[in-house]
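Each value in this text was obtained by applying a stated rule to the coordinates, not by laboratory testing. The shown structure was predicted, so the numbers you read here are calculated from the model rather than taken from an experiment. Cβ atoms come from the backbone with ideal geometry, glycine included; neighbour counts cover every protein chain shown.
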Amino acid sequence: MTATRENRENTDRTFVEELKAAVTTRAAVLVVGVLLLQLAFILSYVGSFHRPKPDHVSIAVVAPKQASEQVVGKLGKLPGDPLDPRAVSSEAEAVRKIKHRDVDAALIVDPRGSTDRLLVAGGAGSSLAQAVEQVVTQAEKADQRSVRTEDIVPAAADDSRGLSSFYLVVGWCVGGYLCAAVLAISAGARPANGSRAAIRLGALALYSIAAGLGGTIIVGPALGALPGSVFGLWGLGALVVFAVGATTLACQGLAGIVGIGLAILIIVVLGNPSAGGAYPYPL
C-alpha cells in the first residue's frame, strides 16, 4: 500500500513537472494577454457597431430662400442631432458637393408640390444612405410631406452593399501584420543589427507590392467589385500593407514577440472600429 502511494506521488510530480515544461510562466502570461486581446476585440467591435445611428450627417438643402431657412432650421433641431443641414443655391451645386464628398446627401424641396427629392450616394455606403432616408422621411412626414430618394452615385453592380473596400483593406491589414509576425517567428522578434532590419523592411516591401497587386486583381478584374484604376488601387494597397507591416516590425523591435499583440491592438482592435469599420463615419 505504501508502494502504491509512492507511485501516485511520483506520477503526480511527473504530471506537474510536465505541466510546467509544457506551459511555462512566460507562455501562461502570453495566453492571458491573448485572452485580454480577444475580449478587447469583442468589446471594441460590438460596442462600436451594435447600435449605429446617424450623427451630424451633412445634408444640403435646395429650396426658395424663405423655405430654405425654415427647412434647415427644422432639420438642424431634430432630436439627437442626426443631421447637419446647410443651404445651397442650386441642385447642380448640391450634386457637385455630393460627388466631391463635401456633403452626404441633399434635399431638393419642391415648393409647388408635397413630394421632395432626397439625393444620396449609395457608393459612399448603403447604410448611411438608408439612415439619412429614414430620418428625412420621418421629418417630412411630420409636415405631411413625402420624399422620393434618388441614388446619384450608386455602388458598383457587384458591390451593392458597398462593403468590398472595407474588407479589402482589412485583408491588406491582416496580411501586413502576419508577414511581419512570420519574419519575427522565423528569425527573432528583434533584428540583430541595422542591416537585418533593413533587409526585413525590404522583404516586407516586396510582399506589400505583391499583396497590393493580388488584392487589386481580385476585387477589380476578377470580381468587378471595385472598378477603377488598377494602378491607383494597387499603389494604395501596397502602401497600406507596408505601413501595417512596418508598424508591426517596430512594435516587435520595442517589445519583442509581445509586439505582435500590440500591433493587433493598435490596428485591428482600436483601428478598424475608430475608422468606422463597415459603417461610414457619420454612423
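So for the chain, averaging the separation of alpha carbon pairs under 8 Å that are six or more residues apart and normalising by length, what relative contact order in percent results?
Values: 372 pairs, mean separation 50.1, N = 283.
Here the relative contact order equals 18 percent.
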>> Could you tell me the calculated FRET efficiency between residue 160 and residue 229, based on Cβ-Cβ distance and R0 = 25 angstrom, to the nearest 0.05?
In response: 0.70
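Would you please give the FRET efficiency between residue 150 and residue 275, computed as 1/(1 + (r/R0)^6) with r the Cβ-Cβ distance and R0 = 30 Å, to the nearest 0.05?
Details: r = 28 Å, r/R0 = 0.95.
Using R0 = 30 Å, I get an efficiency of 0.60.
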>> Can you sort 234, 172 from fewest to most other Cβ atoms within 10 Å of each residue's own Cβ?
In response: 234, 172
>> Straight-line reach from residue 53: which aspartates and glutamates fall under 12 Å, measuring Cα to Cα and dropping same-chain residues less than 8 apart?
In response: 81
> Given springs between every Cα pair under 10 Å in a Gaussian network model of the chain, which of 238, 67, 129 has the largest fluctuation?
Replying inline: 67
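Which of the three applies to the range 57-151, rounded, prolate or oblate, going by the alpha-carbon gyration tensor with a ≥ b ≥ c and a/c under 1.5 meaning rounded?
Working: a/c = 1.39, a/b = 1.17, b/c = 1.19.
Rounded, since a/c falls under 1.5.
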> Which one is right for this structure if log10 I(q)/I(0) by the Debye sum over Cα atoms at q = 0.10, 0.14, 0.15 Å⁻¹ is calculated from it: (1) -0.72, -1.04, -1.11; (2) -0.52, -1.01, -1.14; (3) -0.69, -0.92, -1.01?
Replying inline: (1)
> How big is the gap, in Å, between the Cα center of the range 27-67 and the Cα center of the range 242-283?
Replying inline: 16
>> For a quick check, take a GNM of the chain with Cα springs below 10 Å and name the residue from 89, 44, 195 with the largest mean-square fluctuation.
In response: 195
